[in-house]
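Please treat every number below as a calculation from the coordinates, not as lab data. The structure displayed is predicted, hence computed values, not measured ones. Positions of Cβ are backbone-derived with ideal geometry, glycine not excepted, and every protein chain shown enters the neighbour counts.
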Amino acid sequence: MKKLILIGALLALTLPELAQARERWTPAEANAWYGKQKWLVGSNYIPADAINQLEMWQADSFDPATIDKELGWAQAMGMTTMRVFLHDALWQQDAPGLKKRIDAFLAISARHGIKPLLVLFDSCWDPSPKLGPQHPPIPGVHNSGWVQGPGAKALADPAQYPRLESYVKDIVGSFAKDDRVLGWDLWNEPDNNNGGSYPDNSQARFDQVATLLPRVFEWARSADPSQPLTSGIWHHDHWETLTGLNAVEKTQLTQSDVISFHDYSWPEIFEARARSLESYGRPVICTEYMARGAGSTFDTVLPIGKRRNIGMINWGFVNGKTQTDMPWDSWQRPYTLRPPVVWFHDILHADGTPYRAREVEIIKRLSSAPKMVVPTVE
């Protein structure tokens, strides 16, 4: 009897919390949230002195002074958001410490008027993350130290999923009502097979991701966050219907509160893809763009985003240990003898000076103008 009373008491404590877990936002709710935000413009952010998510957040290498300095530069050019990657291994290593450092990062961001979009999982680059000191950059190679999360071993092991569930619920739950957080990008390019770096085109891996992604949405939603959930769709050219899309893409488009996508192509392709997503009636945020050598530039693409009221987050802010000024093909032919003709990503040199002053002026002018207004930049 005592056991039954105890179980009943525990249920009484937990059931109200479960009852509060929200459903996916309606388009009206999503648009109401979006209408309260400034125009979202920013970068995928990692400090210049970190090679990957682990080095950014681990206690021994977390660098608030550099973050404060660099986010000051972002504020000065009118940026309002940053997309920032976390990692489940960091939480497993030291959950209280990680949350303390996230809180410190959010305090710095808030001082600079920046609301970060936090990324929980990532399928890109090295599938075997290792905690501790990270290897130095491979000379002349783009993003040579970035790591996947969860790693391939955890992804393939269902026994690890309760740990991943706890990570999602704890991180989202800890900041679920925090106005300093813009939103939650649950999984970056979940079905990316890393063909140019660590190729894995196996059906098994795709099936693992396709099975886990809906659960991640459920776990995050159970924390009842006041911020939107999303996961960015990134390949194929037409997304206006679910017909022909794979299981991962269907989950992304049917479970995201706000729609997000990636596009590194020419402006006319960018606009066509953006238009196809607008058919869902939800806010649209481009969480990766800007690859100068591929035709995606601030001069041509950012004005389209402003005119269509699309949030715009380019890849790369301060050039540093990620070396994303190097093109993707540097994995096949490292740029060790001479630099690329043009930087691929990134806006600033390590000392804060712009790679191209005109790009910074474009960002400033567009950010300072009213929503959907594209001013002329001399």
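Structure shown: which of Lys36/Lys100; Lys153/Lys321; Lys250/Lys364 lie over 32 Å apart, alpha-carbon to alpha-carbon? Please report the intermediate quantities before stating the final value.
Numbers: Lys36/Lys100 28 Å; Lys153/Lys321 26 Å; Lys250/Lys364 36 Å.
From the list (Lys36/Lys100; Lys153/Lys321; Lys250/Lys364), the Cα-Cα distance tops 32 Å for Lys250/Lys364.
Length gain on complete extension for the stretch Gln37 to Asp351, per 0.36 nm per residue less the alpha carbon to alpha carbon distance? Spell out each step's value before the answer.
Details: separation 314, 0.36 × 314 = 113.04 nm, distance 3.04 nm.
Difference between extended and current length: 110.0 nm.
What share of the DSSP beta bridges in the chain is antiparallel, in percent to the nearest 5?
On the way: 3 of 29 bridges.
In the chain, DSSP labels about 10 percent of beta bridges as antiparallel.
Would you mind checking the tilt of helix 161-174 against the longest principal axis of the Cα atoms of the chain, expressed as 0 to 90 degrees and rounded to 10?
80
State to the nearest 20 debye the size of the charge dipole of region 37-368 about its Cα centre, where the only charges are +1 on K and R beta carbons and -1 on D and E beta carbons.
Dipole size: approximately 620 debye.
Among Asn309, Ala247, Ala272, flag the residue with its Cα farthest along the positive direction of the charge dipole of the chain, charges on Cβ as +1 for Lys/Arg and -1 for Asp/Glu.
Positive-most Cα among the choices belongs to Asn309.
Whole angstrom only: what separates the Cα centroid of region 52-92 from the Cα centroid of region 144-186?
First find each Cα centre; the distance between them is then 17 Å.
Taking R0 as 45 Å, what's the FRET efficiency between Thr376 and Asp157 from their Cβ-Cβ distance, rounded to 0.05?
Numbers: r = 55 Å, r/R0 = 1.23.
In this case the efficiency is close to 0.20.
Among Ser123, Ser202, Ser174, rank each residue by its count of other Cβ atoms within 10 Å, from fewest to most, as a rough exposure measure. It would help to have the intermediate numbers written out before the result.
On the way: Ser123 23, Ser202 11, Ser174 16.
With the fewest neighbours first, Ser123, Ser202, Ser174 line up as Ser202, Ser174, Ser123.
Based on the mean of other beta carbon atoms within 10 Å per residue, what is the order of 94-100, 362-368, 130-136, most packed first? List each step's numbers first, then the result.
Numbers: 94-100: 15.4, 362-368: 18.4, 130-136: 12.4.
In descending order of packing, they fall as 362-368, 94-100, 130-136.
For Asp263, Asp237, what's the fewest-to-most ordering of other Cβ within 10 Å of each Cβ?
So the ranking, lowest neighbour count to highest, is Asp237, Asp263.
Towards the positive end of the charge dipole of region 37-368, with charges on Cβ (+1 Lys, Arg; -1 Asp, Glu), say which of Asn194, Pro116, Pro96 has the farthest Cα.
Towards the positive end, the residue furthest out is Pro116.
Which one of Val181, Ile51, Thr324 has its Cα pushed farthest toward the positive end of the charge dipole of region 37-368, where Lys and Arg give +1 and Asp and Glu give -1 at the Cβ?
So the residue we want is Val181.
Could you check the spin-label model distance between Arg22 and Ser174? Points 7 Å from the Cα along Cα→Cβ, value in nm.
Using points 7 Å along Cα→Cβ, the separation is 2.1 nm.
Quick one: net charge of Ala350's neighbours, Cβ under 12 Å, K/R +1, D/E -1?
Values: positive: Lys69, Lys321; negative: Asp49, Glu70, Asp325, Asp346, Asp351.
It works out to a net charge of -3.
Please state the charge dipole magnitude for region 131-210, taken about the Cα centre, from unit charges on C-beta atoms (+1 on K and R, -1 on D and E), reported in debye and rounded to the nearest 20. Present the calculation step by step, with values, prior to reporting the outcome.
Numbers: 6 positive and 10 negative charges, 39 e Å.
Its charge dipole is roughly 180 debye.
With a 10 Å Cβ neighbour count serving as the proxy for reagent exposure, in which order, fewest first, do Glu249, Glu268 appear? Spell out each step's value before the answer.
Details: Glu249 20, Glu268 11.
Least crowded to most crowded, the residues run Glu268, Glu249.
Could you please state, rounded to a whole Å, how far the C-alpha centre of region 18-50 is from the C-alpha centre of region 295-320?
18
Hey, got the dipole for region 72-123? About the Cα centre, +1 on K and R Cβ, -1 on D and E Cβ, debye to the nearest 20? Could the numbers behind the result be given before it?
Details: 6 positive and 4 negative charges, 46 e Å.
It works out to roughly 220 debye.
As I understand it, the value is the acute angle between the Cα axis of helix 267-278 and the longest principal axis of the Cα atoms of the chain; what does it come to in degrees, rounded to 10?
On a 0 to 90 degree scale, this one is about 20.
Against the longest alpha carbon principal axis of the chain, how many degrees, from 0 to 90 and to the nearest 10, is the axis of helix 2-19 turned?
30
Calculate, in nm to one decimal, what Thr241 and Arg275 gain on full extension: separation in residues at 0.36 nm each, minus their alpha carbon distance.
Values: separation 34, 0.36 × 34 = 12.24 nm, distance 1.21 nm.
Full-extension gain reported as 11.0 nm.
Find the centroid of the Cα atoms in region 348-378 and in region 223-240, then give the distance between the two in whole Å.
Between the Cα centre of region 348-378 and that of region 223-240, the gap is 27 Å.
Counting only other residues whose beta carbon sits under 15 Å from that of Pro127, what net charge do I get with K and R as +1, D and E as -1?
Counting the neighbours of Pro127, the net charge comes to -4.
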